1. Mind jotting down the distance between the C-alpha centroids of the stretch 167-191 and the stretch 214-254, whole Å?
2. Assuming R0 = 25 Å, what is the FRET efficiency of Asp59 and Phe24, from their Cβ-Cβ distance, to the nearest 0.05?
3. Give the aspartates and glutamates reachable from Lys7 as a straight Cα distance under 19 Å; neighbours fewer than 8 places away on the same chain don't count.
4. Which length gain, in nm to one decimal place, applies between Glu79 and Arg259 when the Cα-Cα distance is subtracted from 0.36 nm times their residue separation?
5. Filter the GluC sites (Glu not before Pro) in the stretch 91-148 down to the DSSP loop ones having no more than 13 other Cβ atoms within 10 Å, then list what survives.
6. Could you give the nm distance between label points at Ala244 and Gln340, where each point is 7 Å from its Cα heading toward the beta carbon?
7. Which shape class applies to the stretch 131-304: rounded if a/c is under 1.5, otherwise prolate when a/b exceeds b/c and oblate if not, where a ≥ b ≥ c are the square roots of the Cα gyration tensor eigenvalues?
8. Can you give the helix-only mean residue ellipticity at 222 nm for the chain, where every DSSP H stretch with n ≥ 4 adds -39500 (n - 2.57) and the sum goes over all residues, rounded to the nearest 500 deg cm²/dmol?
Amino acid sequence: MKIGVPKEIKNNESRVGMTPAGVFELVKNGHTVYVQSGAGEGSGFFDGDYKSAGAILLDTIGLVYAMSEMIVKVKEPIEEEYDLVQKDQIVFTYFHFASSEPLTKAMIKSESICIAYETVEDEDGALPLLTPMSEVAGRMSIQQGARYLEKPVKGRGVLLGGVPGVQPGKVLVLGAGVVGIQAAKMAAGLGAHVTIMDVNMKRLRYVNDVMPSHVITEFSNEFNIRKHIKTHDLIIGGVLLKGAKAPKLITRDMLKSMRPGTVIVDVAVDQGGCVETTRPTTHEDPVYIIDDVVHYSVANMPGAVPYTSTVALTNVTLPYVLKLANLGWEEATDNDESLQKGLNIIKGEVVYREIIEAFDWEAEAV
Ligand SMILES: NC(=O)c1ccc[n+]([C@@H]2O[C@H](COP(=O)([O-])OP(=O)(O)OC[C@H]3O[C@@H](n4cnc5c(N)ncnc54)[C@H](O)[C@@H]3O)[C@@H](O)[C@H]2O)c1
């Protein structure tokens, strides 16, 4: 198969859909890989690296789309790319169709085969192509939180690990899912005292089994949250209710009970945040202060570490890319139920129920 890897042109997106290692695997399997010149630069992969791995470099995004049977990228096509997508072309990327009607209509019109990373689903309901980004954000939340606890940026002036003779900092993690566990692990590694809360006892039992003894589990309810926010220096929001807005576990009035300089990193900001005062911020201007509490709520945290994020993402997408290339999309999705769940639009027809529901479209009107 002919596979194309265009440069991402969405604002501030430095990731790329395939690493040189991915190109190497595909070429080894007899496929041709076209990579747009400069596509990997933002992630630290250069044209020479792709060439050595067996890719053919193309100068323009138009050529990559025109010559490829399958496009592998990171973000959904933006308006400038809509007309580049070809009839019968496979496009494998994050789409998040339900949040954009124009994109959905454009992809219907293109008559391409759209397979969305975010809806590929394991038999146990996990989303394997979303997990790595939660892992990145969870680990990063402690790095960022530690930084904003410093006094010059209005934090409490606490070193998370403490030093001999001084108590370590205290980290409260809301949610013991992917983000929460990675955050707790990083904080514990720095020597901080960690409290992690969830409403799912299975998750708490797991954390209790695998984490060191300075990571304490506690059931998540308003009473316990009100108690802990008074004494913890850094609070991480990693809560998710699938398909719904995050519950507001910290309300505006609670900020007053926190010590000045407490830092909140609300990773769940992309689902509205689990703190009432959360609003999305950017890497250029990541924090704001309300009632002396520092709020960090960057909606695309993995974007700040494109090398790690690209490698983490392509580690999990490559097996599916290989399957699609080796078998073609029909056989590949017939043989693999997880991948089949990724099918969103097939040659002009929306096949993912939630998209039709999101726009209130009747199936026959689509
Ligand atoms: N900001 C970013 O850049 C970024 C990056 C990746 C993920 N995220 C977001 O982070 C959030 C968490 O993602 P995840 O992969 O860890 O999800 P997950 O499903 O693995 O974990 C969420 C956890 O929240 C728990 N939970 C639900 N209600 C709760 C409550 N009332 N109190 C405490 N815990 C509760 C669930 O039981 C679950 O264990 C999501 O909104 C995700 O989209 C943001």
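Taken together, the values in this text are just the output of simple stated rules run on the coordinates, not laboratory data. Worth saying up front: this structure is predicted, and the values here are computed from it rather than measured. Glycine also receives a Cβ, built like all others from the backbone with ideal geometry; neighbour counts cover every protein chain displayed.
1. Their Cα centres are 13 Å away from one another.
2. Approximately 0.65, to the nearest 0.05.
3. The qualifying aspartates and glutamates are Glu41, Asp47, Asp49, Asp59, Glu69, Glu76, Glu79, Glu80, Glu81, Asp83.
4. Result for the pair: 60.2 nm of gain on full extension.
5. Sites meeting the loop and neighbour criteria: Glu123.
6. Output for this residue pair reads 2.9 nm.
7. In terms of gyration-tensor shape, rounded.
8. -10500 deg cm²/dmol
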